[in-house]
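Below is one structure; the comments refer to it alone.
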């Protein structure tokens, strides 16, 4: 090839390198994409140690959320065994937290939740059990985390009861990024994968 041809090829290679270099800078090829399903609304609940906490106390953390009740003999024990597996995997991560809300606040006082927390071997720095008014608990389940029972057709809050097996995953900005069946092994495995991606900042 002539010297002129080599010059053209060199210029073309430089242009091509610049194009792909710019593309690499503006595109996160390494980041996984999880949808933003909703945003967590303001809340105030009593923690199992008697302290009142709000949404501001969990910002900056990757949070797994569930709803259960301590006297449940059905799905809750299996749900919380699976949740315990998640806790054990991430309990050394400083920015990881589980929020377990009761759906039966008339029974589940902070003191009762403390006993339940002890039975699960939960560390206060990574697993909070929360209670409050039924209306506020249920509002958070529906409006923030999109967790609700399909058969809640009653308009009277006292006649409603949420009994859901689903967990929600919330990012550091307070955005719900996934909902998972707490009884299915494959979905629990996916929850762990997505939790780790959020903790490591690998999600777009």
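None of the figures in this text is laboratory data; all of them are computed from the coordinates on show. Source: prediction; values computed, not measured. In this analysis, Cβ positions are derived from the backbone assuming ideal geometry, glycine residues included, and neighbour counts consider all displayed protein chains.
If residue 45 passes every condition in (1) under 22 Å from residue 187 (Cα atoms); (2) not in a loop (DSSP other than H, G, I, E, B) but one, which one does it miss?
The number of the failed condition is (1).
Tally time: how many residues in segment 48-79 are assigned to a strand (DSSP E or B) and without any contact (Cβ under 8 Å) to a residue 24 or more places away in the chain?
Pass one, segment 48-79, residues assigned to a strand (DSSP E or B): 52-54, 62-68.
Pick out the ones that are also without any contact (Cβ under 8 Å) to a residue 24 or more places away in the chain and you get 52, 54.
Qualifying residue count, segment 48-79: 2.
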